[in-house]
Amino acid sequence: MEGVMSHASDLNLKATELRLGLPGTDERDDVESVARNNKRALPESANDSGSKGGKSIDHENAPAPKAQIVGWPPVRSYRKNNLEAKKTETETGMYVKVSMDGAPYLRKIDLSIYNGYAELLKALESMFKLTIGDYSEREGYKGSEYAPAYEDKDGDLMLVGDVPWDMFMSSCKRLRIMKGSDASGLGCGV
Amino acid sequence: MDPDQSEDSPSNSANSHGPTQPQSPFPDEVLEKVLSFIDSRKDRSSVSLVRKDWYNAERWTRSKLFIGNCYSVSPEIVARRFPRIKSVTLKGKPRFSDFNMLPRDWGANVHSWLVMFAKVYPFLEELRLKRMTVTDESLELLAKSFPRFKALTLSSCDGFSDNGLKAIASHCRNLTELDIQDSVTDDVGGGWLSCFPENFASLEVLNFSSLNCEVSFDDLERLVGRCKSLRVLKVNDSITLDQLRRLLVHAPQLMELGTGSFMQELTPRQYEDIESAFSNCRNLQVLSGLWEATSLYLPVLYGACASLTFLNLSDVALQSSEFAKLLVHCPNLRRLWVIDTVEDKGLEALGSSCPLLEELRVFPSDPYDRHHRDGVTELGFLAVSRGCRKLRYVLYFCRRMTNAAVVTIVQNCPDFTHFRLCIMTPGQPDYLTNEPMDEAFAAVVKTCTKLKRLSVSGLLTDLTFEYIGKYAKNLETLSVAFAGSSDWGMQCVLEGCPKLRKLEIRDCPFGNAALLSGREKYEMMRSLWMSSCNVTMKGCRLLAREMPRLNVEVIKDEGNDDGQADRVYVYRSVAGPRRDAPPFVLTL
């Protein structure tokens, strides 16, 4: 950042910089007025390469959210809206409640941070200090006290692991760690 | 436009008033017949300047009208000059309106044009509008005034709703094309689709992909079923995969397809069915849509990709691996639009899989850097340039770039006609050397002699503009933001680029001297846009006074210094100042 700043002064860009105020007013006035009026690009951005908005000049205050410049980057609004809408899903994560039979309160986890069942089960094991055992299509979770189940979009209680991960992610509404004995009825095995 | 408005009919041209012209060696009928074969706008323009009888023959034989700036001419002037028009293309707002830089209700309303066309061109068949405001009232007028009307394209237009489209669907009996691209209109409502009459079967192009509405699938299916000549179908994301499958079964002949949403849980049987429906589309050249497509269902497309030349993935944020797998099936790709979530790795795969690529557009998934995603860098661009030597059009949004990379890229691909590089942080230097990006664009203009369009970004001094003025002899459109050091930069461009037609500038230290240096040039250009620069009202008034054939319009920001001209739009016009300007547009 410093290298950039000194370079800027070599070019004497300050002499030609865009300013909102009259010549002679100091920098801080400009920062404040831009903070109020979000319509124009911050003058310093022309020679303050690498910074966004007025953040780098604003030493004293807490880092403000980056000032958004109108119409920049030049991306069409409908395209932005599409992506923003999709992004807020991943932005806020896919949080689902996790209950464990016998535990007094529930936990919440973000499904979107896991890449598959293995990671999810490991996280559950760690969160609840238990072992879950091995999954098989025929017999469900063998060799453990607990089995992970989930409630899907239709409200049905399903065994975790039966459907592809992507499908699970989009249909899982909440998780429930069931005691092994209660879960045996959910196994795919006959 | 030639301001000489002759109303002579062709047979009278030999006896026209004014200085007598030597007898033409051709009878007018012959001249007209010959000229009727000329389609090119530029050729027709040249023809009309040869002599008066050629001017007349040309105006009587012109059937296609192109107006690049709706305010450069008036409906009256057009109607007087051209009596036999069947196809009209009209463009309205300056391009920066796409990025919210123009207030609403700025203008470019098509209505007064339609009123004139209804009077003078009853046999109008085609209307292509871009960045214009189109109200329901206008669409109703259109639907009822032209019995032979066939093709409507609305690109980046706003102002209409379900009602207007209903009128089109109900009354245009001969409609072959309804193409709505990048609609800026809010919730439209989907009832219009059900208004096509039961016996209506002439549709060849139907695109409603950018409309936020739900249509009746049954009506859509029936419509697609009876339109045997349908070659372009682009639906919106209200259409599911399974519904799409049913449409494809009716229309395997499609050449361009915009899918609906891929967000659906398919049974294995459904998966197979849709896979086979896609495989039956052997003529598919263009594919778009694919909302929410993930690695789970992308493979259903593979069978339809062999003849694909244009793949538009700009509505689906793919990761590099699924993107790479898809590309393997698209060896004939010439155009690709993609989101930067594919990252450099994805672009490397592109370089290996698609050697015929001519156009690449990479859009940012995170334009405001809220999530600090990597996106693409100079490495991805380099990789594409190594594998795709025929590249001639690029639009590239990135967070970092180097001069060296761009130099290499244009050495690999010297045939660029459109080079639009957007380094998203304003005024950012070469991230390795911290130097300005001047040398990058110097290389572009020196190496790419066919360059017609250029967008520059990053930290740039006047040197960049000196290079542009010196080398970019074919440049027609230049976009500049947060760049330059002084008036000199802009002056270099205005003095140097003989073919410049559109110049759009924002947030640059260019002032009145630069603005005024181009005064004569602006008459040879379509338009100039300058916003948040150093231009003042005084400078604009001077320009307006000295150049009466230019319209100089200023929009001021609220609460800013009175002397500043915040947004300036300058364009040549034979129609004089706008009569429909809203109060915030000051015509000087």
*Nearest-5 percent of antiparallel DSSP beta bridges in chain B?*
15 percent
*asked:* Can you tally the net charge around A:GLU151? Count Lys and Arg as +1, Asp and Glu as -1, for every other residue whose Cβ sits under 10 Å from the Cβ of A:GLU151.
replied: +2
_Loop sites in the stretch B:354-403: GluC sites (Glu not before Pro), DSSP, at most 11 other Cβ within 10 Å_ = none
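Based on alpha-carbon positions alone, could you give the equivalent ellipsoid semi-axes of chain B from the gyration tensor, as √(5λ), descending, whole Å?
On the way: eigenvalues 302, 250, 106 Å².
For chain B, the semi-axes come out at 39, 35, 23 Å.
Going down the table (A:LYS122/A:LYS142; B:LYS64/B:LYS130; A:LYS153/B:LYS345; B:LYS91/B:LYS502; B:LYS93/B:LYS499), which pairs top 24 Å between alpha carbons? Numbers along the way, then the final one.
Details: A:LYS122/A:LYS142 16 Å; B:LYS64/B:LYS130 16 Å; A:LYS153/B:LYS345 36 Å; B:LYS91/B:LYS502 13 Å; B:LYS93/B:LYS499 22 Å.
Cα-Cα > 24 Å for A:LYS153/B:LYS345; rest within.
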*Using a Förster distance of 51 Å, the FRET efficiency for B:GLU546-B:ASN163 (Cβ separation, nearest 0.05)*: 0.65
*Amide H contacts of B:PHE510 (H built 1.01 Å from N, under 5 Å, at least 5 apart or other chain)*: B:ASN534
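Let me have the relative contact order for the stretch B:112-157, percent, based on Cα pairs under 8 Å that are six or more residues apart.
Values: 51 pairs, mean separation 24.1, N = 46.
In percent, rounded to a whole number, it is 52.
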*Enumerate the calculated ³J(HN,Hα) couplings along the stretch B:153-164 in order (Karplus 6.51 cos²θ - 1.76 cosθ + 1.60, θ = phi - 60°), each rounded to whole Hz, writing x wherever the residue is Gly or Pro.*
10, 10, 10, 6, 9, 9, x, 10, 9, 3, 4, x
_Charge context of B:PRO414, other residues only, Cβ under 12 angstrom, K/R +1, D/E -1_ = +4
_Straight-distance crosslink candidates among lysines, where the alpha carbon sits under 19 Å from B:LYS52 and sequence neighbours closer than 8 are dropped_ = B:LYS33, B:LYS42
*List every residue whose amide H lies under 5 Å from the amide H of B:VAL88, counting only residues 5 or more places away in sequence or on a different chain, with H placed 1.01 Å from N in the peptide plane.*
B:LEU65, B:GLU126, B:LEU127, B:ARG128
*Could you name the aspartates and glutamates whose alpha carbon sits less than 20 Å from that of B:LYS86, not counting residues in the same chain fewer than 8 places away?*
B:GLU7, B:GLU32, B:ASP39, B:ASP43, B:GLU58, B:GLU76, B:GLU125, B:GLU126, B:GLU140, B:GLU177, B:ASP179, B:GLU204
_Extreme residue, positive dipole direction of the stretch B:19-160, given options B:SER155, B:SER74, B:PRO25 (C-beta unit charges)_ = B:PRO25
*Unit charges on C-beta of K, R, D, E only; dipole of the stretch A:95-183, Debye*: 380 debye
*asked:* Whole angstrom only: what separates the Cα centroid of the stretch A:122-164 from the Cα centroid of the stretch B:462-523?
replied: 65 Å
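Work through the residues other than B:LEU290 whose Cβ is under 12 Å from its Cβ and net out their charges, Lys, Arg +1 and Asp, Glu -1.
On the way: positive: B:LYS234; negative: B:ASP237, B:GLU292, B:ASP315, B:GLU322.
Summing Lys and Arg as +1 and Asp and Glu as -1 gives -3.
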*Estimated vicinal HN-Hα couplings, Hz - the stretch B:95-102 in sequence order (Karplus 6.51, -1.76, 1.60; Gly, Pro = x)*: 4, 5, 5, 4, 10, 6, 9, 10
*Between B:SER183 and residues 5 or more places away or on another chain, which pairs have amide H atoms under 5 Å apart, with H built 1.01 Å from N, and which residues are they?*
B:SER156, B:SER210
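Only sites in a loop by DSSP and with at most 10 other Cβ atoms within 10 Å count here; which GluC sites (Glu not before Pro) in the stretch B:533-588 make the cut? Please report the intermediate quantities before stating the final value.
Numbers: sites: B:GLU546, B:GLU553, B:GLU558; in loops: B:GLU558.
Sites meeting the loop and neighbour criteria: B:GLU558.
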_If you average the alpha carbon positions of the stretch B:192-254 and of the stretch A:98-116, how far apart do those two centres end up, in angstrom?_
44 Å
*Mind checking the mean number of beta-carbon atoms from other chains within 10 Å of the Cβ atoms in B:422-434?*
5
_Per-residue HN-Hα couplings for the stretch B:378-392 [Karplus 6.51, -1.76, 1.60; θ = phi - 60°; Hz; x = Gly/Pro]_ = 5, 5, x, 4, 4, 4, 5, 5, 6, x, 10, 6, 8, 4, 10
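Coordinate-derived values only; no laboratory data. All of these numbers come straight from a predicted model, not from anything done at the bench. In this analysis, Cβ positions are derived from the backbone assuming ideal geometry, glycine residues included, and neighbour counts consider all displayed protein chains.
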